[in-house]
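Visitor: Handing you this structure, nothing more for now.
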Amino acid sequence: AFEYNPASGGVEMSFLSILRGQLPKAEHILNLQDELTALSTLIASPGEADKASDTTMTAAGSWYDGPSVSLGVGTWLVIASVQVETPSATAAKVCAKLWDGVTVEASGEQSSPAYTAAVSLIHFTLAGIRAIASGTATLKISATANVNTCILKAAMTDYGAGNNASNIRAIKIA
């Protein structure tokens with residue numbers, strides 16, 4: 001709730017202040033309305049996507065796309081996660097990048113030792129800020145590995161809570 005301050009002429013206002021008879025000036029209400037409209041526009045325009053199903057990464061060194069999101073004009077905070085399962089008894093190096101197909105916003109690399117009886121799960125969370133001056137841009141998270149048959153996961157292997165292990169979220173910040 002906003003609190004109106006008659007001494008400073010601030011735009012903070014609550015219904016409680018109106019009940020107390022501290023009515024704001026008309027220009028303060030208009031300024032507050034403009035600020036709330038701008039804020040609701042930012043909040044109402046997030047982008048998000050989750051990977052719908054697993055993808056087997058059949059070719060070592062090839063990039064496999066996870067979820068993507070298309071963004072319009074503005075400045076966006078983009079956070080993406082991807083989970084990759086490596087084959088059992090195989091040491092693996094896995095890389096991920098947050099990008100638009102050309103420009104890389106963030107990247108990472110992890111390795112896993114060869115476990116004899118279990119697969120390894122490697123999880124990345126990458127973030128970047130993208131300013132889009134005109135048109136739209138599609139950002140995605142992609143992964144590659146140095147071994148065949150890794151799996152780009154849609155859901156956690158154990159105790160899954162839906163298809164959200166690989167996802168992308170974007171919030172318009174300006």
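Visitor: Filter region 82-106 down to residues that are among the small types (Gly, Ala, Ser) and modelled with pLDDT of 95 or more and give me whichever is nearest to the chain's Cα centre (by Cα).
Guide: ALA106
Visitor: Considering only residues that are hydroxyl-bearing (Ser, Thr, Tyr) and surrounded by fewer than 21 Cβ atoms within 10 Å (Cβ to Cβ), look in region 139-158 and name the one that is nearest to ALA80 (Cα to Cα).
Guide: Pass one, region 139-158, residues hydroxyl-bearing (Ser, Thr, Tyr): 142, 144, 149, 157.
In the following step, the residues that additionally are surrounded by fewer than 21 Cβ atoms within 10 Å (Cβ to Cβ) were identified as 144, 149, 157.
On the way: THR144: 15, THR149: 22, THR157: 19 Å.
Filtering region 139-158 for residues that are hydroxyl-bearing (Ser, Thr, Tyr) and surrounded by fewer than 21 Cβ atoms within 10 Å (Cβ to Cβ), the one nearest to ALA80 (Cα to Cα) comes out as THR144.
Visitor: Same structure again: For region 82-93, give me the residue count where each residue is at positive phi and buried (at least 17 other Cβ atoms within 10 Å of the Cβ).
Guide: Summing the residues that are at positive phi and buried (at least 17 other Cβ atoms within 10 Å of the Cβ) in region 82-93 gives 0.
Visitor: Of all residues in region 94-132 being over 18 Å from THR55 (Cβ atoms), assigned to a strand (DSSP E or B) and charged (D, E, K, R), which is least open to solvent (accessible area, probe 1.4 Å)?
Guide: It comes out as ARG130.
Visitor: Shifting gears a bit: Looking only at residues in region 57-81 that are farther than 14 Å from LEU139 by Cα and open to solvent by 70 Å² or more (accessible area, probe 1.4 Å), which one is modelled with the highest pLDDT?
Guide: Within region 57-81, the match that is modelled with the highest pLDDT is TRP63.
Visitor: Go through region 159-174 and give me each residue that's among the aliphatic types (A, V, I, L, M), within 22 Å of ASP100 (Cα to Cα) and open to solvent by 50 Å² or more (accessible area, probe 1.4 Å).
Guide: Result: ILE171, ILE173, ALA174.
Visitor: Would you say THR157 is touching an Asp or Glu at 6+ places or on another chain (Cβ under 9 Å), in a loop (DSSP other than H, G, I, E, B) and at pLDDT below 95?
Guide: Values: touching an Asp or Glu at 6+ places or on another chain (Cβ under 9 Å): yes; in a loop (DSSP other than H, G, I, E, B): yes; at pLDDT below 95: yes.
For THR157, the condition - touching an Asp or Glu at 6+ places or on another chain (Cβ under 9 Å), in a loop (DSSP other than H, G, I, E, B) and at pLDDT below 95 - is met.
Visitor: Can SER81 be described as of a type in the set (Ser, Thr, Tyr), part of a strand (DSSP E or B), under 28 Å from PRO46 (Cβ atoms) and out of contact with any Gly (no Cβ under 8 Å at 6 or more places or on another chain)?
Guide: Yes: the conditions hold for SER81.
The values are calculated or read from the model by the stated rules, or taken from the named source; none is laboratory data. Owing to the predicted nature of the structure, the values given are computational and were not obtained by experimental measurement. No Cβ is skipped: glycine too gets one built from the backbone with ideal geometry, and neighbour counts run over all protein chains shown. Just the protein is used for accessible areas: all its heavy atoms, side chains included, with ligands, DNA and RNA removed. Shrake-Rupley method; radii C 1.70, N 1.55, O 1.52, S 1.80 Å.
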